[in-house]
Amino acid sequence: MNTTQVLLISTLATLLALPARAQAPEPAPAPPPRPERPDRPVVMLPPNPRMPLPPIAIGDGAEALYEQARESIERGRYDRAIKGFNQIIEMKAMQADAAMYWKAYSEDRLGDRAKALTTLADLKKQFTASRWLKDANALEVELRQASGQAVPADLQNNEELKLLALRGLMQNDPDQAMPIIERMMNGSDSPRVKERALFVLSQSRTPRARDIIANAARSGSNPDLQLRAITYLGMMNAPENRQVLEDVYKSSNDPAAKRAVIRSLMMARDSARLLTIAKTESSPDLRRRAVEMLGALKATMELADLYQSESSMDVRKAIVASLGAQRDAATLVTLAKAEKNPEMKREIVAHLSNIKTKEATDYLLELLK
């Protein structure tokens, strides 16, 4: 008797010894997207300047570390932020240039302007083609103008004043705030101020607000702003936004932006566009991410169809994992019966072993005959 048969016998014995259980009810379907309103919608206030914004990209490795360091800035914990950014810089990660900008920003907030200027100089020297250079130059000008001058304590954090003023204006007169926000997005304000402005816009359902966010998503002049704009387009979930997301995906060469689009299409419940990405994208990693988002949308038929045409073993395993998470034993059994690759067949059987349904049990018994 081989190892696989022993494993199957053990699994079946456990399953057969368990008392019968009623199948857990399927979770209630997600509510339909909120319809567009022709009248002016209520606009939410921007968050307090000290409160963190929604994350733009929670991933793994350097991506997660970068997001945690950014959150430390939002909480005013600049020393902790610097430690995180230093780790990213030492890793020579894709976000190293962004980490150097925010490190300089944090050093200035801690009152060490000389260190901040040195960090900015290193950024410009090491990353001559970085999309952060424009913001780095703006920050350097700001720091040099302030050097040697006695800045009153109530004006030392000009950003906080701007954000508080924006909060008050949105409360009193959203229509008047809109052109001011648009000027902020196109002006020399710091990325942090622009991120808050984007958040304000994301709460509005007006065409003008959507256009400003779409422009930020398309331009990519600042990577963080682009990622936030992409995220907000998915959260706003309008047909026009989904087309913008598709356009951004096709025109971008930035893997982070493409990952953000995939995530936003899932938030918008756009399984058709996710399926297109999963079928046509040349990058196995991006195909795998599209598969995971299809799994989150319970797109069982699409996943089963993809499995037949997919060549990457990792992507096929992601498809099987998504079907396993949905407890779709019937589809997994169909795939297992047709699968010729021993490794993939073991992968499918492993997921079936964790599904306590008649279809799974019957197939496991069949394997032992």
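The values are calculated or read from the model by the stated rules, or taken from the named source; none is laboratory data. What you see is a predicted model; the values in this text were computed from it and never measured. We place every Cβ from the backbone using ideal geometry, glycine too, and count neighbours over all the protein chains shown.
Can you name every residue in the range 243-271 that is over 17 Å from L225 (Cβ atoms), hydrophobic (A, V, I, L, M, F, W, C) and part of a helix (DSSP H, G or I)? If the condition is that a residue be over 17 Å from L225 (Cβ atoms), hydrophobic (A, V, I, L, M, F, W, C) and part of a helix (DSSP H, G or I), then I262, L265, M266, M267 are the ones that fit. Scanning the range 306-352 for residues that are farther than 17 Å from L364 by Cα and β-branched (V, I, T) yields V315, I319.
Output the qualifying pairs, or none if there are none: Cβ atoms under 6 angstrom, residues six or more apart or on different chains, first residue in the range 201-221 and over 13 Å from Q243 (Cα atoms), second residue acidic (D, E) and part of a helix (DSSP H, G or I). As it stands, the answer is I212/E182, since those pairs meet every condition given.
When E310 is tested against (1) under 20 Å from the mean Cα position of the chain (by Cα); (2) buried (at least 20 other Cβ atoms within 10 Å of the Cβ), exactly one condition is not met: (1).
Residues in the range 165-222 that are among the small types (G, A, S) and over 24 Å from K250 (Cα atoms): A165, G168, A177, G187, S188, S190, A197, S204. Out of all the residues in the range 287-299, is one or more farther than 27 Å from P255 by Cβ, buried (at least 16 other Cβ atoms within 10 Å of the Cβ) and of a type in the set (A, V, I, L, M, F, W, C)? So far as the range 287-299 goes, no, none of its residues is farther than 27 Å from P255 by Cβ, buried (at least 16 other Cβ atoms within 10 Å of the Cβ) and of a type in the set (A, V, I, L, M, F, W, C).
Looking at A272, A214 in this structure, which one is over 26 Å from E195 (Cβ atoms), over 16 Å from the mean Cα position of the chain (by Cα) and modelled with pLDDT of 90 or more? Result: A272 is the single residue among A272, A214 that is over 26 Å from E195 (Cβ atoms), over 16 Å from the mean Cα position of the chain (by Cα) and modelled with pLDDT of 90 or more.
None of I348, I277, I355, I319 is assigned to a loop (DSSP other than H, G, I, E, B) and surrounded by 16 or more Cβ atoms within 10 Å (Cβ to Cβ) except I355.
Apart from one condition, R327 fits all of (1) crowded, with 21+ Cβ neighbours inside 10 Å; (2) not in a helix (DSSP H, G or I); the exception is (1).
All of T357, T280, T334, T361 fail the test of being within 17 Å of K258 (Cβ to Cβ) and hydroxyl-bearing (S, T, Y), apart from T280.
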